[in-house]
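One structure is given here, and the rest of the page talks about it.
Just so it is clear, none of the values below were taken in a lab; they were calculated from the coordinates. The shown structure was predicted, so the numbers you read here are calculated from the model rather than taken from an experiment. Reconstructed Cβ throughout: ideal geometry from the backbone, glycine too, with neighbour counts over all protein chains shown.
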């Protein structure tokens, strides 16, 4: 059994154990991602990149919410996230060759985070902070370009997106580990909760595999800011209102 499968089973085991003792909610959320990417030259078809800009993407999640007491809860999730990179180019390759255009990389992930939430336990509106780790699997990658060399269009190439090792010994790493932190607030309703959060997600694993690492090697990893809105239905209420210790 691979290491990441064992990690996922541990996450679900912890969630299942806590479900026996806690107030429980199930729901979902949608959000807008602003994604960044630390970039190695090998990822970009042309190294003369003049402007790397954040890329707006979408994220959708299903979640469970298990209260451990008045102030603490855990929240396992299953998320679809689109990450990537956008770059604008307007440079001279040499004195006679002007390269212009736009490059877009889109990476589609299924992520499974386990978040710990700490709230003030206030009535009505309840602020919280959250943090946790995640595992992500990249199931699709797409490259699009609209590029011109001296005003002549250059045909697009589907670079690395088939997950196979290319002629330069590079391929995309489909497995990702990282962490998430965020702040937000919960509005307590009669049959559930509505909430919003602002999150930062940091990948810790390189998204590029190299047969031979380049000189002055640096990782290429995902970074995402996300604004989300969601709703969760109350499934089970804890009437004792006690704090649980583990």
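Summary table
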quantity	calculated
Inter-site label distance for residue 71 and residue 58 at 7 Å from Cα along Cβ, in nm	4.0
Spin-label zone in segment 50-82 - amide nitrogen under 15 Å from a point set 7 Å from the Cα of residue 235 along the C-beta vector	62-68, 74-78
Extension gain from residue 139 to residue 34, taking 0.36 nm per residue of separation minus the Cα-Cα distance	35.8 nm
Cα convex hull volume per residue for segment 151-213 (Å³)	225
